[in-house]
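K.L.:
Let me begin by handing over the structure; questions about it come next.
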Ligand code: IPE
Ligand code: IPE
Ligand code: MG
């Protein structure tokens, strides 16, 4: 899709929102204040991305490794999650956004699981951007869960060994039916994937900014998309169509 400034808008943008803790530290605030501010930035980014014409936006909200943080920080993140889920439902409805969660949700408290299910159910017919939140998500965990589901189907005979292809494998992942990301943006300067979308990022263009997540805004997103526009995308040495 092309917008008014002749930018080609990537169909799917994946985000690693990092740096909430550093943002708070710089201001002498507790880490949780950084997370709170980060949630406000997520809300704003959903609206900005939807208006820009991005079709899929996937954000990494909580990784399978994030449970290792202090009980206090994990607890605060869960409380924020509860609060912002309700706000997100309103924003999604107002912006025709379909919400989907990826990751293993059964580890969350019952009310959070219900909230996630409600968000998905009440926005499933929206036809605008799809907003995907990765919670209790890990790329390796997703691949292992997919392998288990496949093994179960092999056992019942509904899937045959010879039928397993890359496409079939992908259909067992949490992201089934969602195109692979075109652009990955990581805030706060870290040059690693942190177990994010390991299968899906195979040919994604990577953009890292030093901007801390709570400071991310429309200009930062545009800068990332402009950099993406200058890339010479290739798949196996062959130019992209
Ligand atoms: C990202 O910010 C938010 C989550 C991972 C939940 P961090 O909390 O990782 O912030 P830094 O990396 O410590 O600055
Ligand atoms: C990645 O950030 C996970 C999320 C943004 C949810 P982390 O801050 O947890 O990653 P590392 O520990 O720096 O790799
Ligand atoms: Mg971090």
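K.L.:
How far, in nm, would the chain grow between residue 232 and residue 127 when pulled straight, counting 0.36 nm per residue and subtracting the alpha carbon separation?
P.N.:
Gain in length upon complete extension: 34.7 nm.
K.L.:
Further question on the same structure: Calculate log10 I(q)/I(0) of segment 1-103 for q = 0.17, 0.22, 0.24 Å⁻¹, where I(q) comes from the Debye formula with a single equal point scatterer on each Cα and nothing for solvent.
P.N.:
Treating every Cα as an identical point scatterer, log10 I(q)/I(0) equals -0.88, -1.25, -1.38.
K.L.:
Now for a separate question. Anyone know which of 185, 116, 164 comes out most mobile in the 10 Å Cα GNM of the chain?
P.N.:
Fluctuation is largest for 164.
K.L.:
For residue 78 and residue 169 in the same chain, what is the full-extension length gain: residue separation times 0.36 nm, less their Cα-Cα distance, in nm?
P.N.:
29.6 nm
K.L.:
Given an 8 Å cut-off on Cα distances and at least 6 residues of separation, report the relative contact order of the chain as a percent.
P.N.:
26 percent
K.L.:
Here is a further query. Measure off 7 Å from each Cα along the Cα-to-Cβ vector at residue 69 and residue 155, then give the distance between these two points in nanometres to one decimal.
P.N.:
3.6 nm
K.L.:
Restricting the count to DSSP beta bridges whose residues both fall in the chain, what percent are antiparallel, rounded to a multiple of 5?
P.N.:
Of all bridge pairs located within the chain, approximately 10 percent are antiparallel.
K.L.:
Translational D (Stokes-Einstein, µm²/s) of segment 94-149 at 4 °C and 1.567 mPa s when Rh comes from the Kirkwood sum over C-alpha pairs?
P.N.:
106 µm²/s
K.L.:
Nearest 500 deg cm²/dmol is fine: what mean residue ellipticity at 222 nm does the chain get from its DSSP H runs of n ≥ 4 alone, each adding -39,500 (n - 2.57), divided by its residue count?
P.N.:
-14000 deg cm²/dmol
K.L.:
Pick from 118, 82, 26 the residue whose mean-square fluctuation is largest in a GNM of the chain, springs joining Cα atoms under 10 Å.
P.N.:
Taking springs between Cα atoms under 10 Å, the residue moving most is 26.
K.L.:
Round to the nearest 0.05 the FRET efficiency obtained for residue 27 and residue 192 when R0 = 41 Å and r is the Cβ-Cβ distance.
P.N.:
0.95
K.L.:
Moving on to the next point. How are the C-alpha pair distances of segment 111-241 spread across 5 Å bins, as whole percents from the shortest bin up?
P.N.:
Going from the shortest bin to the longest, the percentages are 2, 8, 13, 16, 18, 18, 14, 6, 3, 2, 0.
K.L.:
Evaluate the Kirkwood expression for the hydrodynamic radius of segment 82-187, namely the inverse of the mean inverse distance over all pairs of different C-alpha atoms, and round to one decimal in Å.
P.N.:
Hydrodynamic radius (Kirkwood, Cα pairs) of segment 82-187 is 15.6 Å.
K.L.:
Of all the C-alpha pairs in the chain, what % are more than 33 Å from each other?
P.N.:
18 percent
K.L.:
Hey, another quick one. Assuming 0.36 nm per residue, please report the length gained on full extension of the stretch residue 105 to residue 217 beyond their Cα-Cα distance.
P.N.:
Full extension from residue 105 to residue 217 adds 37.4 nm.
K.L.:
To one decimal place, what orientation-averaged projected area in nm² is obtained for the convex hull of the Cα set of segment 58-124?
P.N.:
The number I arrive at for segment 58-124 is 4.5 nm².
K.L.:
Cα centroid distance between segment 78-99 and segment 188-241, in Å?
P.N.:
Rounded to whole Å, the Cα centres lie 25 Å apart.
Taken together, the values in this text are just the output of simple stated rules run on the coordinates, not laboratory data. These figures come from a predicted structure and were not determined experimentally. Here Cβ is always computed from backbone atoms with ideal geometry, including for glycine, and neighbour counts include all displayed protein chains.
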